[in-house]
Structure formats: C-alpha cells, structure tokens
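*Asks:* First the structure, then my questions, so here it is.
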Amino acid sequence: MPHFLKNNPNFVLLDVQRGKRYVGDPLVRLPQAAQKGNSCALYAFNPLRFRFGKKYQANSKERYIELIFSDYRRGINEIDANVTGIYKLISEEISEFLQEPITAEGIKKYLVELENNLKTIKRLSTNTSELESQIVKYQQLCNDFLSHKEEYGDFDEFILQQEYVNWINLAQKTMKRLSPFTHLQADEVLENHINTTLKSVVNSKDGYSELLNLTRDNPQFMAPIYHQAIVNLAASCYELEGSNWEPTMPLEALMETLRQCGPQIIYTEPCVLFNKTSCQIETATEAYQIYSKKEDDSEEATNGCHSLLIIGAEMSDKGSFVYLIDPNLPDPLTGPRPIYKISYDELLSKILNIYGVSLNEDAEKVTGPFAFQAPKGHFDKLYDFVTGTSLDTYPKNENDETDIDHKRCPSLSQETTKRIKLE
C-alpha cells in the first residue's frame, strides 16, 4: 500500500518519493529537474517507473528502451529550439535580403547569397564553424522548400509547418526503433492508435471520425496524434497500466484508487498548470505546501495539453477537490513540496482520456482509460527504492532475457503488452 501524508474517510494525500535514484547507481539519490520542452507526460511517468541510468548494463533491454524515449525527449527540445531560433531567424533574414514578398524565385536568389557567404567565411582565419553550420541549415531549409513548394504554396506556410513535420518524423523514427518490441511498423502503430481513439468516442454528434480522417494530410493536426501514440508506447514499455477509475465515478472511487494503486497520471486541456504567482498557500508544513488559486484570480486559460499526477482527493463541506503535482516544477530532495489543489469540477471540465479525447467531447459517451497508474504494489516498491528504505526492490524477471542485440531486440513480455492496447 502507498505511503500517505493524509488518510481518512474524507481525505487522502499520498506521500510521493522526492528526486530520483538509478538502478545502475543505487547508492546515489539526486534531485529531479523540471520538465524541458513539450515533454510533460514523459516527466510525469518518472515517479511511476524504475530508472536505470548510464551505469546500468548498456546492452540491457531496460536501458535500451530508456534511451529511446530519452532521445525522443531531446528531439522534442531540439524542435522547440528551432521554432524560436532558426525558423524565426531565416524568415526575418530572407525578408530583409529580398525587400519583397518571399517567392520561389526569391529563395533561389537567397541560396546564391548563402553560397557566396559560405565561401567568404571559409577563407577567414578565425573559427567560423558555428556560422558555417547555420548557413548549411539555411541552405537545407531553402532547398527543402523548393522541393515541396507545390505542397506548401508559400515559404511562410512551409516554415510554420516545419515544427509539425519534424515532430512527425521524430515520432516515426521512434516507432521504428521500438518495432522489435511492438512487432509493428510505424504506420501500423499510428493506425492502431487512431482506431483505438475513435472507438473511445461513442456515437459522436459532431463527426469526430470524419473530421479526423479529413485532416490526416495536415501536419499541424497529426503531430499531436503521433506524440500521443509515442506517449502511450512509453507507458506500455514502462509497464504502466490504464486506470479503472473514470471521472464520471463519485470522488470516493478516485480516493480508493489512490489508496490502492498510487498516483494517477492524467492529461488536461486547456492546461491545468501550476502558476505560483496566481496562487495562495492554504497549508504549509515542513514536507509540503498546498496551493490554490486566489479568489480574485482572472488568469486566462493556457492553450494546449498538459500532464500532471493526481496524488490526493478530498470531500469537505466546501466541496470536492483533487491534489496535483506538476512535472513542470523541479523536485529537490529537501524543502516543502508544492502541491496544487483544484476543484473536482475543474478537473472534469478539462480532463482527457489517454488517447487525447476530452471527457466533454460532443458524443453519447467518451470511454477511458482516463489515467495511467503503476500496477498494484509497484509504486510501493518504487517509493522504498528511491527513498533508500530498500535498494533491492527492483523486480527481476527470471524468465526475461537480460541482454539484447540492438539490431534485433526480443519482444516485450506478454504481461507488458497486455497493459496497453497496441491493436
């Protein structure tokens, strides 16, 4: 059974381990940094999985899978950096160079200018490698646009879509690397994810299925779907399972789920996002501080989707509430942990199922799961390992192969593949 900060018939609040500890280096406990980029779900998974680290067997299945999702996370961060960096800069520099609307002919002129600049800086005696690298990236983008100009129409639209195209390419590459475990090609993973998503929307009243199929050629629409498919693959590989709790159940059901299975990882849209400046402290102890929105707060909703962990629920004469921790915040080893309290009604207005469909989609019903959780008893072992209570709680499967050939990996165990529907 999980550890509790509070546990009575009307209030349950879980004690979640602080920081991180690697199976490959179990004597060292480290603080956990805040999420980087659009990777909140992967960070939210961390308290519910054993982490292996650089010192674990390099040829192990566990470390290989961990690296795949680490590479995916880094790829997302690189894409985010390009959006605010190179994509913005190249549009500004081309416009300044041409002094007229950007056309295919203008791009060709700019390519000539780039080539001349590259030749010039190569003759300089100083280190110009960074500048050369930037010019080469500009050339690649310009040539890519010329190869696809019929598809995008104009350069501004091409640049706008690069974030989403690159995100899709990254997801497809990740799916391919995971194919020895899933036994599925990237297009099969996507189709299975889409089919399962559509099945979760029962008798849509606004053509959910038709709308999705009509926008399959739109990278901006498809990139989040690819991302959600990757997140669900990560949950499967980390041996998480879909929760039996559904938000249509009474709050008592959530409280009992927390007591039995530990934290629940959820998705929200618009974002439920902890912002200290718009909150007030309700309760402060040495172990934690509970924040809630200020009564006069008029902060606008944050667009996009965000993942958090439900670690508590309460029924009181003031209403029903849930308690959250946000992967967007760092998790040091000492000091009070910030916990965010919101009304249960707010959660119900923003929660998505694990396929990214809102509970409030205009349909007869939206089915779950609506959260991921660790298998029963697993979170307790994680807590004991990370806190140092017991450093030998990582469950070894004697029937599993430890070593893998990186070119031909063994499949995940039957038990693992059952936990998340791949088909």
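The values are calculated or read from the model by the stated rules, or taken from the named source; none is laboratory data. Just so it is clear, the structure is predicted and the values come from calculations on it, not from any experiment. Ideal geometry is used to build each Cβ from the backbone, glycine not excepted, and the neighbour counts take in all protein chains shown.
*Asks:* Any idea which of (1) of a type in the set (A, V, I, L, M); (2) surrounded by 12 or more Cβ atoms within 10 Å (Cβ to Cβ); (3) more than 20 Å from Tyr355 (Cα to Cα); (4) in contact (Cβ under 8 Å) with a residue 40 or more places away in the chain is the one Ala284 doesn't satisfy?
*Replies:* The single condition Ala284 does not satisfy is (2).
*Asks:* Do we find that Leu146 is more than 18 Å from Thr103 (Cβ to Cβ), surrounded by fewer than 16 Cβ atoms within 10 Å (Cβ to Cβ) and among the hydrophobic types (A, V, I, L, M, F, W, C) in this structure?
*Replies:* Judged against the criteria, Leu146 is not a match.
*Asks:* Then there is this: Could you list, in sequence order, all residues of segment 24-49 that are of a type in the set (A, V, I, L, M, F, W, C), surrounded by fewer than 20 Cβ atoms within 10 Å (Cβ to Cβ) and not in a strand (DSSP E or B)?
*Replies:* Those that are of a type in the set (A, V, I, L, M, F, W, C), surrounded by fewer than 20 Cβ atoms within 10 Å (Cβ to Cβ) and not in a strand (DSSP E or B): Ala33, Ala34.
*Asks:* Could you list, in sequence order, all residues of segment 105-143 that are surrounded by 14 or more Cβ atoms within 10 Å (Cβ to Cβ), without any contact (Cβ under 8 Å) to a residue 40 or more places away in the chain and among the hydroxyl-bearing types (Ser, Thr, Tyr)?
*Replies:* Those that are surrounded by 14 or more Cβ atoms within 10 Å (Cβ to Cβ), without any contact (Cβ under 8 Å) to a residue 40 or more places away in the chain and among the hydroxyl-bearing types (Ser, Thr, Tyr): Tyr110, Thr128.
*Asks:* Moving to a separate point now. Within segment 209-229, is even one residue β-branched (Val, Ile, Thr), within 15 Å of Ile354 (Cα to Cα), in a helix (DSSP H, G or I) and under 17 Å from the mean Cα position of the chain (by Cα)?
*Replies:* yes
*Asks:* If I filter segment 360-395 down to residues being among the hydroxyl-bearing types (Ser, Thr, Tyr) and not in a helix (DSSP H, G or I), which single residue comes out as surrounded by the most Cβ atoms within 10 Å (Cβ to Cβ)?
*Replies:* Only one residue tops the list, namely Thr393.
*Asks:* Need a quick list: helices (runs of 4 or more DSSP H) entirely within segment 82-161 having at least 2 residues that are of a type outside the set (Phe, Trp, Tyr), more than 38 Å from the chain's Cα centre (by Cα) and at pLDDT 90 or above.
*Replies:* Answer list for segment 82-161: 104-122.
*Asks:* Check Phe52 against each of (1) farther than 30 Å from Pro26 by Cβ; (2) among the hydrophobic types (A, V, I, L, M, F, W, C); (3) free of Cβ contacts under 8 Å to residues at least 40 places away in the same chain; (4) surrounded by 15 or more Cβ atoms within 10 Å (Cβ to Cβ) and name the one condition it does not meet.
*Replies:* The number of the failed condition is (1).
*Asks:* Which of the residues that make up segment 229-272 are of a type in the set (A, V, I, L, M, F, W, C), surrounded by fewer than 22 Cβ atoms within 10 Å (Cβ to Cβ) and over 16 Å from Ala313 (Cα atoms)?
*Replies:* Cys271
*Asks:* I've got another one for you. So, of the residues in segment 317-342 that are of a type in the set (S, T, N, Q) and modelled with pLDDT under 95, which turns out to be surrounded by the most Cβ atoms within 10 Å (Cβ to Cβ)?
*Replies:* Asn328
*Asks:* Could you please find all residues in segment 57-84 being surrounded by fewer than 16 Cβ atoms within 10 Å (Cβ to Cβ) and either under 26 Å from Gly377 (Cβ atoms) or among the polar types (S, T, N, Q) (or both)?
*Replies:* Within segment 57-84, Gln57, Asn59, Ser70, Asn77, Thr84 meet the criteria.
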